[in-house]
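Asker: Pasting a structure here, questions to come.
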Amino acid sequence: MIRVIAVCLLLLGSGRKADEQSSFALAAPTGWGGETIRLPPGFAPDMKLKGVEHIRFAPGMMQPKSGSFFCYAFAFELSAKPDLTEAVVHDEFLKYYSGLCTAVLRGQVPDVDPSKFTLKLQQSKPAAATSAEKNTATGTARYDGTLNWVEPFATRKAQKLHVEIQTWSGKGRNYIFACVSPQAKEAEIWKQLHKIRDDYLRQQKDDQPLVTEPKSERKP
């Protein structure tokens, strides 16, 4: 976890020091780390999305033997343009992960070619809105995805990530929320990821003020 935050701080050159105490903008269970960064991030400057990203990492984020290895949730709070079409979401996510891998590895694993990473998205079938989603926003779309990339922090090996993505518009902004894990969908970690997502949606429904000044954060 410390390494994730240190890398982001190094790449972005902004935000609070990792050892500063502060409250997280995105609620999560006790023991989850987190940070907030500007978009586009320093490791993917070619991204078209502009705004902030709030991230929460599971306790086992950097522990390959943990059931919560590389499991996290994040919210993008974005400007109103570009529209969040499926093509835009697909391309922006690939830029994000390709850039992250490139920046972290820094050419130390020559066989890794981020241009070959793939993301398959499938729009989820319509379902009844949860109480957290009702009246939250307009233009909601949901996707189930599979990202094939190389995890650059702990293993430097090929990894398949399951990604659940939700997009919507409201308050003159666009939003993306994503739950990410290599674990199968029946794994316990998905319940925690979904709770983080639902709590965030309730926050938006209640018209809570947005955090507009990004900072990196981590609780000890």
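The values are calculated or read from the model by the stated rules, or taken from the named source; none is laboratory data. The structure displayed is predicted, hence computed values, not measured ones. Ideal geometry is used to build each Cβ from the backbone, glycine not excepted, and the neighbour counts take in all protein chains shown.
Asker: Scan the range 50-62 for residues that are in contact with a Gly (Cβ under 8 Å, 6 or more places away or on another chain) and buried (at least 20 other Cβ atoms within 10 Å of the Cβ) and jot them down.
Answerer: Start the filter on the range 50-62 by keeping residues that are in contact with a Gly (Cβ under 8 Å, 6 or more places away or on another chain), which leaves 54-57, 59-61.
Selection gives HIS54, ILE55, ARG56, PHE57, MET61.
Asker: Something else: What are the residues in the range 100-119 that are of a type in the set (Lys, Arg) and either in a helix (DSSP H, G or I) or in contact with a helix residue (DSSP H, G or I) (Cβ under 8 Å, 6 or more places away or on another chain) (or both), if any? Reasoning before the result, please.
Answerer: Step one: list which residues in the range 100-119 are of a type in the set (Lys, Arg), which gives 106, 116.
Across the range 100-119, the qualifying residue is only LYS116.
Asker: Also, I was wondering about something else. Within the range 63-75, is even one residue buried (at least 20 other Cβ atoms within 10 Å of the Cβ), charged (D, E, K, R) and not in a helix (DSSP H, G or I)?
Answerer: Taking every residue of the range 63-75 in turn, none turns out to be buried (at least 20 other Cβ atoms within 10 Å of the Cβ), charged (D, E, K, R) and not in a helix (DSSP H, G or I).
Asker: I'd like to verify a number: residues in the range 38-69 that are in contact with a Ser or Thr (Cβ under 9 Å, 6 or more places away or on another chain), more than 19 Å from PHE24 (Cα to Cα) and not aliphatic (A, V, I, L, M), how many?
Answerer: So the answer is 6.
Asker: Might you check whether a residue that is of a type in the set (S, T, N, Q) and either closer than 18 Å to LEU26 by Cα or under 13 Å from the mean Cα position of the chain (by Cα) (or both) occurs anywhere in the range 143-150? Before you say what the answer is, go through the steps one by one.
Answerer: Kept after step one, since they are of a type in the set (S, T, N, Q), are these residues of the range 143-150: 146, 148.
Adding the requirement that they be either closer than 18 Å to LEU26 by Cα or under 13 Å from the mean Cα position of the chain (by Cα) (or both) leaves none.
Checked against the condition, which is being of a type in the set (S, T, N, Q) and either closer than 18 Å to LEU26 by Cα or under 13 Å from the mean Cα position of the chain (by Cα) (or both), the range 143-150 yields no hits at all.
Asker: Is there a residue being of a type in the set (Ser, Thr, Tyr) and part of a loop (DSSP other than H, G, I, E, B) anywhere in the range 154-168?
Answerer: Keep residues of the range 154-168 that are of a type in the set (Ser, Thr, Tyr), which gives 155, 167.
With part of a loop (DSSP other than H, G, I, E, B) added as a condition, the list becomes 155.
Yes, the conditions are met somewhere in the range 154-168.
Asker: Separate question: Identify all residues within the range 134-167 that are closer than 20 Å to GLU92 by Cα and in contact (Cβ under 8 Å) with a residue 60 or more places away in the chain; write none if there are none.
Answerer: Hits for the range 134-167 are GLU151, GLN159, LEU161, VAL163, ILE165, THR167.
Asker: Just a yes or no: is a residue in the range 106-117 touching a residue at least 60 places away in the same chain (Cβ under 8 Å), within 19 Å of the chain's Cα centre (by Cα) and at negative phi? Lay out the reasoning, then the answer.
Answerer: Keep residues of the range 106-117 that are touching a residue at least 60 places away in the same chain (Cβ under 8 Å), which gives none.
No: the range 106-117 contains no residue that is touching a residue at least 60 places away in the same chain (Cβ under 8 Å), within 19 Å of the chain's Cα centre (by Cα) and at negative phi.
Asker: Please specify each residue of the range 1-51 satisfying the condition of being modelled with pLDDT under 85 and among the polar types (S, T, N, Q).
Answerer: Once the filter is applied, which keeps residues that are modelled with pLDDT under 85 and among the polar types (S, T, N, Q), the range 1-51 yields SER14, GLN21, SER22, SER23.
Asker: For the range 77-99, state whether one or more residues are within 19 Å of TRP149 (Cα to Cα) and in a strand (DSSP E or B).
Answerer: No, the range 77-99 has no match at all.
Asker: Only one residue in SER66, SER79 is under 27 Å from GLU186 (Cβ atoms) and polar (S, T, N, Q). Which one? Reasoning before the result, please.
Answerer: Working: SER79 fails: under 27 Å from GLU186 (Cβ atoms).
Within the list SER66, SER79, the selection yields SER66.
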